[in-house]
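See below for the structure under consideration.
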Number of protein chains: 4
Amino acid sequence: MLIVMERHASAEDVQRVISVVGEMGYEARPIPGHQRVAVGVVGNDGRLDAARLLGIPKVLEVIHVSQPYKQVSREWREEPTVVALPNGVEIGGTGVVVMAGPCAVESAEQILATAERVRAAGASVLRGGAFKPRSSPYTFQGLGEEGLELLALARERTGLAIVTEALDVETLPLVARVADIVQIGARNMQNYSLLKEAGRSSKPVLLKRGMAATIHDLLLSAEYILKEGNPSVILCERGVRSFDTQTRNLLDLTAVPVVHKLSHLPIIADPSHGTGVRDKVRPMARAAVAAGADGLLIEVHVRPEEALSDGAQSLDPGEFERLMEEVDSIARAMGRHVAAPAGAALGGSGV
Amino acid sequence: MLIVMERHASAEDVQRVISVVGEMGYEARPIPGHQRVAVGVVGNDGRLDAARLLGIPKVLEVIHVSQPYKQVSREWREEPTVVALPNGVEIGGTGVVVMAGPCAVESAEQILATAERVRAAGASVLRGGAFKPRSSPYTFQGLGEEGLELLALARERTGLAIVTEALDVETLPLVARVADIVQIGARNMQNYSLLKEAGRSSKPVLLKRGMAATIHDLLLSAEYILKEGNPSVILCERGVRSFDTQTRNLLDLTAVPVVHKLSHLPIIADPSHGTGVRDKVRPMARAAVAAGADGLLIEVHVRPEEALSDGAQSLDPGEFERLMEEVDSIARAMGRHVAAPAGAALGGSGV
Amino acid sequence: MLIVMERHASAEDVQRVISVVGEMGYEARPIPGHQRVAVGVVGNDGRLDAARLLGIPKVLEVIHVSQPYKQVSREWREEPTVVALPNGVEIGGTGVVVMAGPCAVESAEQILATAERVRAAGASVLRGGAFKPRSSPYTFQGLGEEGLELLALARERTGLAIVTEALDVETLPLVARVADIVQIGARNMQNYSLLKEAGRSSKPVLLKRGMAATIHDLLLSAEYILKEGNPSVILCERGVRSFDTQTRNLLDLTAVPVVHKLSHLPIIADPSHGTGVRDKVRPMARAAVAAGADGLLIEVHVRPEEALSDGAQSLDPGEFERLMEEVDSIARAMGRHVAAPAGAALGGSGV
Amino acid sequence: MLIVMERHASAEDVQRVISVVGEMGYEARPIPGHQRVAVGVVGNDGRLDAARLLGIPKVLEVIHVSQPYKQVSREWREEPTVVALPNGVEIGGTGVVVMAGPCAVESAEQILATAERVRAAGASVLRGGAFKPRSSPYTFQGLGEEGLELLALARERTGLAIVTEALDVETLPLVARVADIVQIGARNMQNYSLLKEAGRSSKPVLLKRGMAATIHDLLLSAEYILKEGNPSVILCERGVRSFDTQTRNLLDLTAVPVVHKLSHLPIIADPSHGTGVRDKVRPMARAAVAAGADGLLIEVHVRPEEALSDGAQSLDPGEFERLMEEVDSIARAMGRHVAAPAGAALGGSGV
């Protein structure tokens, strides 16, 4: 940490900073400069809170040199985290894991038909919301527990693993009982109570980046989960807010190599929410894999025009098949491949 | 609602849209244009979900003409909502309500001393966090219940009303028992479980705008609270994410007249978080009042350089006194004034 | 300047950095840390280019401690720059200077009528575009030289000073011959050829902030003008790009105190472009003055509904009169006042 | 175009709008709604200016249904524009064109050595700035005419085509005399005088997206060039401003399929400026090609650590070779390939 003093700071001002740093248990080292003095802090283990230092008179700026997170960092753990699912699929290895399904579970017929189709096309995880966070209180909020049961049924029928969202501390145990991966959505990325509860769960967590979250913010939120004892976190880039209304969000694919450099955690991309427009999903799915993503989250609906939510960005099964072919080509050009469930080589679509 | 078709849409494509609109219980009215056809939807009461329409082939865009929210809108209720506090102060009337205090409650000595000083300077509400949402799990998270008790003690001593944050559904009842206003922070603005719980509380709610939330998003979140039966919502502009790192956030003061036009709810501004820099708090507090804000939320600490959180943006009591004088001048130039608690005219600072 | 090394940088990596810094003519000072080594650069006069350092292997980050600009900074010149206009009005002093008029000069009748009205209401500078930068090549591009002549005529009739935009190096001399202040628009803020040409002009320059320019970018662009010998630069905040479409731009009023701290140059605000919505202009004009702005730029049209450009944000003369009354009240609450031209006390509206 | 009225608009208010639309030469068609009335405009050919309509009392919003640009749109020309270069390379066809070279031309030795290396690795166009736009007036501004001569020499030696930037109307003819492609940089994207001059040139134009430009803004700027008679425009995504400082800009790769849908013009990506960080260039180059980009613009320097500008994002020749191998694999997975100059199959690296 480097504390930069204002230009007209006096020797006493600098001395006051040195004293406070000392009181906080660290060593201060003044660095005289041409325009202004700076004070280096030695011994900071990443937990030092800058705010107190910024409050000292004549302090202009506090610059973080150490990273504010620990367990999620590449420096804490060199080798990549690989999250293994019950159906034998691994996230964070050489396989590219495709999670697909409808935005929301709507009926037995809808989720089972969609599950069959995405399974046949090569997906290994089924997505589908039972509890839905919606901007408006007047739109469809999901089937709740019934939706969870339908997901379990679809898993039984297809061998797909299940990822579904938990909205709050109350329903997280319910969700975790059924899900193979518990999703925490973008709107809840800094819901710390929920993060801590997920950290106490034994299920892997899919943590989506908030709409205006920096990569640092995202990693700090993941740190909440690891700190509570759950090491199995999968990060997800799903687009950030932008000034251009051509797409719903701005998919920031550079987040993929940025996360891979800073952290050992796997990261996947969600081009469905990341663009919000059906015909942009395929090109951006390809691009995500080319950027090095460990997986994809894709909205697929057997009849997109009847979807109760997010129909505009859902692919129909035919479009999804084309996507899978293209994604597999790109993955192979990278020396990777689309991951398949353990029994996948044996059976057909229905298993 | 207006459904815009792609340029090459055929008569059948348009007919399909008309049918779906009919199935959804609304009337469709095609509007032929020079470049393309559009279909107007008549009878939409604001609850129609655009996603299903966007999923129909050859639909280019769905444009909302009606607003997606109801009870929070000016069209629902013409006259402004005025939130009355137990100490006689009203938010949303002609008085400008100043809420001031430390970022976090740290000790009895700190909160009582700060309360006395802000009371003496003319504040009518004491702010102070007992439960703190922090980006990093390694920084100070607040005193919890002990913090709430200290706030109650400060209220008893000074007559100030209390505003403090609730982080989750579990602790909201605890917070609501003590607080006169329950705060929902920017990071929880779309935590719908928390919003609903706050909607079932009898205490007024201070809802802060999320870091990348549009005004529509903010009003929709408020709608969640009103829909559950709690009409006493105070909105708060606290800065949005920006590309310039000169300030912590970009305080969007135009939000004040925008909200006043669209909604009957009062809106206050938080120039402390909105700028994150001490010497920007006073000018932006003045600007907020000049823009028409119904109140201010200001961080004040008796010794900012010792603050456990956000010291960089906290004023010391002397600076706060100057702010109050300036804000009062601006308020009077607008035909308003700084609101005072019921007994304020009688007593002095210590009450 | 501080050069932060990657965690696994070796002693040789650090030595290489020290050598390069030495070759560049500065002194390097290594600062060992708990997690990583940093290297401080002593003697940097603000012109050192970071890119070369960032290219060295194992360099993680280069942090600027010195400012990259010189002549525009408060540290270069302590007292504020005051720009005096021929009609006796000063920008950057205690007076708040109001510049008002139509977006574009459209006809003699329009510009003269508008000039009379804004003069009567208390403005001291007339704005009006003769050369208009327009996003689309198919919209009205201004009257050109004829527009300049009409502005000169309006000045003769009313005593108002003239501010109008120069679009390129070719037409700048033409504009500078007539204008009392040459405006450089947001789209040209980093048109360095134009900035240099303006720096060689003897007329004051109104430099508008670009749509995604940081305050540093704005000050660096002003530095181009000062470096060429023209000290009379007035900065202008006119809103930045944002994700919310409620307003055309996001007016960043915190830019006012930020600029006042970093620079001696005056700064005004343009709430017309800054909001793009007529009924937001008055509140944001008040807020700008309360934030400390040295002036305002306001679009006024005698018949806004007939304006050839930007009618949506233009005030009619009656609305402008109300704005002037409110702004004057706010200015007086701040110990300032609305500046008037030299002869203003004598004559009436027609002069 | 759809004109949405305020809720409380009267029949006279609506009638006034209908009259104005009629005066402007279009037909107005009122659409009564549940909450409010809207007025459709029939016959708009894309040139109708919304501002005048927004200025009419009780008009809430004007919604564009037609696109504001013409010649650049897919609807104007169905088949893709292919730009042919003198060395036989085509941009916009099935080949992926790689343009590579240093940020700035620094010396004969540097540009010739770099040109040989990028040619050997498979590039077909040499980039290199002779005139450099720099934020600070105190940094290296390019070699000017001497730089142009060195580029011509490098072309002679290697057969590479040349792309280099023109900064203003004065130097554009100079640049166009030497360059095979004239680049207009992000800062000049809305410098309309320069766009018009480029439109009168016979050389293809590489138009880079501005830092906060929407795709509509970019297409409108291209329209300026086509309208003057130059059909050979290549668009370039180079990152937009963002709130996260992990990368210099946020590379918006979704712009690639968005442009391909709206326009017939080719679009390439610049991952060097788009990320600003060397180790992010390769993954984002791969991602750009997977998203469908027609080419890449890559900074390569024989000795990045000695580069006078942008060394932080320049690849060394070895890294560039790896990039070319990876990009070619991705292109082949897409049924494309890296484009080679006409004589490339015959000779070796030195030609």
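The values are calculated or read from the model by the stated rules, or taken from the named source; none is laboratory data. Note that the structure is a prediction, hence the values are computed from the model and not measured. Quick reminder, even Gly has a Cβ in these numbers, built from the backbone with ideal geometry, and neighbours come from all protein chains shown.
Since A:T214 meets every condition but one in (1) within 14 Å of chain B (Cβ to nearest Cβ); (2) under 22 Å from D:D279 (Cβ atoms); (3) touching a Leu at 6+ places or on another chain (Cβ under 8 Å), which condition does it not meet?
Evaluating A:T214 over (1) within 14 Å of chain B (Cβ to nearest Cβ); (2) under 22 Å from D:D279 (Cβ atoms); (3) touching a Leu at 6+ places or on another chain (Cβ under 8 Å) leaves (3) as the failure.
Name the one entry in C:L296, C:L262 that is assigned by TED's automatic domain parsing to the domain that holds C:R336 and over 23 Å from C:A113 (Cα atoms). Spell out how you get there, then give the answer.
On the way: C:L296 fails: over 23 Å from C:A113 (Cα atoms).
The match here is C:L262.
(1) surrounded by fewer than 16 Cβ atoms within 10 Å (Cβ to Cβ); (2) under 28 Å from the mean Cα position of the chain (by Cα): which one isn't true of A:M24, the others all being true?
Of (1) surrounded by fewer than 16 Cβ atoms within 10 Å (Cβ to Cβ); (2) under 28 Å from the mean Cα position of the chain (by Cα), only one is false for A:M24: (2).
Condition test on A:T164, is it within 9 Å of another protein chain (Cβ to nearest Cβ) and of a type outside the set (A, V, I, L, M, F, W, C)?
Spelling it out, it is not the case that A:T164 is within 9 Å of another protein chain (Cβ to nearest Cβ) and of a type outside the set (A, V, I, L, M, F, W, C).
Quickly run through region C:182-196 and pick out the residues that are in contact with a Lys or Arg (Cβ under 6 Å, 6 or more places away or on another chain) and more than 8 Å from chain D (Cβ to nearest Cβ).
Across region C:182-196, the qualifying residues are C:V182, C:G185, C:A186.
Quick check on region B:284-295. Is at least one of its residues crowded, with 22+ Cβ neighbours inside 10 Å, under 28 Å from C:T214 (Cα atoms) and among the basic types (K, R)?
Yes: one or more hits.
Which condition number in (1) touching a strand residue (DSSP E or B) at 6+ places or on another chain (Cβ under 9 Å); (2) buried (at least 22 other Cβ atoms within 10 Å of the Cβ); (3) not acidic (D, E) is the one that B:P137 fails?
Unmet for B:P137, out of (1) touching a strand residue (DSSP E or B) at 6+ places or on another chain (Cβ under 9 Å); (2) buried (at least 22 other Cβ atoms within 10 Å of the Cβ); (3) not acidic (D, E): (1).
What is the residue count in region A:70-86 for residues that are touching a strand residue (DSSP E or B) at 6+ places or on another chain (Cβ under 9 Å) and more than 14 Å from A:P231 (Cα to Cα)?
Residues flagged as touching a strand residue (DSSP E or B) at 6+ places or on another chain (Cβ under 9 Å) and more than 14 Å from A:P231 (Cα to Cα) within region A:70-86 amount to 1.
Can you name the residue in region A:233-269 that is small (G, A, S) and within 15 Å of the chain's Cα centre (by Cα) and is also farthest from C:M211 (Cα to Cα) among such residues?
Restricting attention to region A:233-269, the residues satisfying the condition of being small (G, A, S) are A:239, A:242, A:255, A:263, A:269.
Of the ones still in play, those that are also within 15 Å of the chain's Cα centre (by Cα) are A:239, A:255, A:263, A:269.
Values: A:G239: 22, A:A255: 25, A:S263: 34, A:A269: 30 Å.
Looking at residues that are small (G, A, S) and within 15 Å of the chain's Cα centre (by Cα), I get A:S263.
Within region A:273-288, does at least one residue satisfy the condition of being in a strand (DSSP E or B), under 26 Å from D:A288 (Cβ atoms) and of a type outside the set (S, T, Y)?
No, the conditions are met nowhere in region A:273-288.
When the residues of region D:327-346 are filtered to those that are closer than 30 Å to D:K132 by Cα and at pLDDT 95 or above, which remaining residue is farthest from the other protein chains (Cβ to nearest Cβ)?
Checking each candidate, the answer is D:A339.
Each row is one residue, and each column tells you yes or no for (1) closer than 19 Å to B:H260 by Cβ; (2) in contact with a Ser or Thr (Cβ under 6 Å, 6 or more places away or on another chain); (3) within 14 Å of chain D (Cβ to nearest Cβ).
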| position | (1), (2), (3) |
| --- | --- |
| C:I268 | no, no, no |
| C:T275 | yes, yes, yes |
| C:D279 | yes, no, yes |
| C:R282 | yes, no, no |
| C:A293 | no, no, no |
| C:V302 | no, yes, yes |
| C:A307 | no, yes, yes |
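For region C:158-166, state whether one or more residues are of a type in the set (D, E, K, R) and either over 24 Å from C:D217 (Cβ atoms) or touching a Ser or Thr at 6+ places or on another chain (Cβ under 7 Å) (or both).
Taking region C:158-166 and keeping what is of a type in the set (D, E, K, R), we get C:165.
When the remaining residues are screened for being either over 24 Å from C:D217 (Cβ atoms) or touching a Ser or Thr at 6+ places or on another chain (Cβ under 7 Å) (or both), the result is none.
Scanning region C:158-166 turns up no residue that is of a type in the set (D, E, K, R) and either over 24 Å from C:D217 (Cβ atoms) or touching a Ser or Thr at 6+ places or on another chain (Cβ under 7 Å) (or both).
Counting just the residues of region B:140-152 that are within 14 Å of chain A (Cβ to nearest Cβ) and touching a strand residue (DSSP E or B) at 6+ places or on another chain (Cβ under 8 Å), which one comes out farthest from A:T214 (Cα to Cα)?
B:G142
Given the criterion in the same structural domain as C:S309 (by TED's automatic domain parsing), hydrophobic (A, V, I, L, M, F, W, C), under 30 Å from D:V72 (Cβ atoms) and touching a residue at least 24 places away in the same chain (Cβ under 8 Å), identify the matching residue among C:A113, C:A104.
None of the others qualify; the one that does is C:A104.
Please state which one of D:L253, D:L297 is within 24 Å of A:L250 (Cα to Cα), assigned to a strand (DSSP E or B) and at pLDDT 90 or above.
Every option except D:L297 fails the conditions.
Mind listing whichever residues of region B:215-267 are touching a residue at least 60 places away in the same chain (Cβ under 8 Å) and among the β-branched types (V, I, T)?
Selection gives B:V233, B:I234.
So how many residues does region D:290-324 have that are of a type in the set (A, V, I, L, M, F, W, C) and over 19 Å from the mean Cα position of the chain (by Cα)?
Selection size over region D:290-324: 9.
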